[in-house]
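S.K.: Below: one structure in structure tokens.
Please treat every number below as a calculation from the coordinates, not as lab data. Every value quoted in this text rests on a predicted model; they were computed, and no experiment measured them. Here Cβ is always computed from backbone atoms with ideal geometry, including for glycine, and neighbour counts include all displayed protein chains.
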Amino acid sequence: MTGRSSGAHGQPAGHGVAALACAKSGIAPRGLLCALLTAALCAGAAMPAHAQALPPGVRIGMAADQLPGTVPGLTRAARPARLSGGLVGAWHGDALDVAGQRFEPTFFVAGGQLRRVEYAAVTTAADDRGTAAFAALLEWGRHAWGGERLARDVGGAQTSEIASWTVGDDLDVYLQRAESPRQASVRLVYRLRQLKDASEL
């Protein structure tokens, strides 16, 4: 398939375009996300329908016991994060820089499968509160999957903005910047889509 389809596929382009996009977005030239952007932009016409901009060899839904041999620098989480649906953040990857933010990936598993990968950074009041990192990742996501769905939640103790994409038949990707008076956070999340039966709605 060629060209941009409803945000599910990356765009064919040369390495120069990827390098320029990294430079403009503030992504460190040797950072993992820059490499992922290069892969998304240079995939070409043979890109499969379920292409994902994740570390080489990593696929949402893969067997969890394959992760240690696939991702260099992977370490077990000392205190695994736990989410609904039995998700356990069992592994951490090497941190990387995006627009002055330090992001650390966490790999969540459940039922023996990789179900979620979350790149997260926490900012403080001393910096731009994640604005530049959010903008850089948003531009990167647009290059990879096309136009986003954007939602904003303003009010209460925290405000947030979320950009999301649907990738293929079974993957959701979203980018979130949340801000409270004390701190702000930015997250880029890949997760296996969970479709509910009509009787559960």
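S.K.: In nm, give the distance between the simple-model label positions of S84 and T131, each being 7 Å from the Cα along the Cα-to-Cβ direction.
M.R.: 3.3 nm
S.K.: On full extension of the chain, what length is gained from A151 through Q66, given 0.36 nm per residue of separation minus the C-alpha to C-alpha distance?
M.R.: 27.1 nm
S.K.: Please work out how much length the chain gains when fully extended from T166 to E139, using 0.36 nm per residue of separation minus the C-alpha to C-alpha distance, in nm with one decimal.
M.R.: Length difference between fully extended and current span is 8.1 nm.
S.K.: If you rank V186, V88, V109 by fewest surrounding Cβ atoms within 10 Å, what's the result?
M.R.: In order of increasing Cβ crowding within 10 Å: V88, V109, V186.
S.K.: Please give the net charge around P80, taking every other residue with its beta carbon less than 15 angstrom from that of P80, where Lys and Arg add +1 and Asp and Glu add -1.
M.R.: +3
S.K.: Using a Förster distance of 35 angstrom, determine the FRET efficiency expected from the C-beta separation of R76 and T159, and round it to 0.05.
M.R.: 0.55
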